[in-house]
Amino acid sequence: MPSDVSKANSAQWTGAAHGVRPYLLTRGRTEPDQDYGLCLESLLTTRAAPGLLSPEDDAVLRFCAGTALSIAELASLMGQPVQVIKILAAELVGAGALSITGHQPDPAGDEQLLGDVLVGLRNLA
């Protein structure tokens, strides 16, 4: 869970207050350059801060310092779309500034879960 300081700082990252379009934050990218398997529940923690960060990169590192946050939590705190946060986070993981500490879901496991849900729904009918 983010600290009170992080919650207070998150107000400056709402889309309206920040005033920058999401595509500018990602430099026009719609997907990360490298696929690190980031998903909504991937937990990120700060490792080290590289030099010359954008304000958005700096915010991601500050939010993840001292506590693991998911992509979804970061998106909420920063008031940005999840895909924007995934792109920024992937860039920071590649630079060695963030580490992925959370569970990476197994795609085969997702298929099994969907099959179980389907069977359950059919049993309801």
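Any read-out appearing in this document is the output of simple, stated calculations on the displayed coordinates, not a laboratory observation. These figures come from a predicted structure and were not determined experimentally. Backbone-built Cβ (ideal geometry, glycine too); neighbour counts: all protein chains shown.
How would you order 60-72, 83-95, 38-50 from highest to lowest mean count of nearby Cβ atoms within 10 Å? Could you put the intermediate results ahead of the total?
On the way: 60-72: 19.0, 83-95: 21.0, 38-50: 17.1.
Per-residue mean Cβ counts within 10 Å order the peptides as 83-95, 60-72, 38-50.
Using the Cβ-Cβ distance between Ala125 and Leu40 with R0 set to 41 Å, the FRET efficiency works out to roughly 0.85. Entry for the range 36-90 at q = 0.14 Å⁻¹: log10 I(q)/I(0) = -0.30, Debye formula applied to identical alpha-carbon scatterers, no solvent contribution.
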